[in-house]
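Here is the structure we will look at.
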Amino acid sequence: MHSTFVRIQNVFGLFTSVAFAVAAAIAFSVVLSPQSPEAKLELRNVQVVKGRPHYYSTKREEYANVRFDLDADLSTLFNWNTKQIFLYITASYPSPSSDSASTTPNSEAVIWDAIIPSLSAPWHQNTYIHPTSEPPTSQKKRTALKSLSSAFPAGTQPGIVRLKDQKPKYQITDISGRIAEVGNATLTLKWNVQPWVGALVWSNKVKVGRWQGLKGGVSRAFGFPRVKGTEVKKEDVGTAVGGERNRGSPA
């Protein structure tokens, strides 16, 4: 006869083996879920000013403020194993210090990001809150709106993002301290699917099995303008800080 300890050990070993097999099956089963993400990303406005882009900046330098329009349908990225999606927009541009014949890769900077959870994911204070089309006018409406806040527009589902004249979360600065009059820049929508179990999945541009590549999601090429003078208002080059900002707790 086996001792109690041996029996407990055998039961625990069986449990972990079954749990691992179930988790592996769930992780691999997502390839059966079709995906067809679509997005339309357009530049709305770009300004370049000279100053201190951050409170901790030690010197004045050129920085860009990019506003954009985004209409995305990423709902097919959500399935039974999706916990949340980390969505972000990057600005890619040639390095100001390189010439046209240089092989230096383009610089890339994140200008906006958001954490979009699935309906079954627990709430967290860093979760993205989708802006409303009409701001509340009274305290009662603000209280009601806060209780209904979600990461997608009312009447839709996770993965739907509709932004108009959206301010960036982050300014664009370059290591050279210069960014004005740099051409051939583009905005690109990217994401990272974070599952309950399994590997992280990054944005894809090509078809893989039942997963279609992202349709759209890249803006037309544009150039950074000249540095604006003192006539630029501070609010015109401000950044967005939504209800999902970190309030001192771990992300």
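The values are calculated or read from the model by the stated rules, or taken from the named source; none is laboratory data. The shown structure was predicted, so the numbers you read here are calculated from the model rather than taken from an experiment. Reconstructed Cβ throughout: ideal geometry from the backbone, glycine too, with neighbour counts over all protein chains shown. Just so you know, the surface numbers come from the protein's heavy atoms only, side chains and all, with ligands and any DNA or RNA stripped out. Shrake-Rupley method; radii C 1.70, N 1.55, O 1.52, S 1.80 Å.
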Worksheet item: residue 28 label point, 7 Å along Cα→Cβ, cut-off 16 Å on backbone N: hits in region 173-217?
Response: 197-199
Discussion item. Probe radius 1.4 Å, ligands and nucleic acids ignored: give me the carbon and sulfur share of the accessible area of region 19-117 as a rounded percent.
Written reply: 54 percent
Fill in: Cross-link pairs 83/215; 40/205; 164/228; 164/205; 169/207 - those with Cα-Cα distance over 20 Å
83/215; 164/228; 164/205; 169/207
Worksheet, complete the sentence: Those GluC sites (Glu not before Pro) from region 43-112 that are DSSP loop and have at most 14 other Cβ neighbours within 10 Å turn out to be none
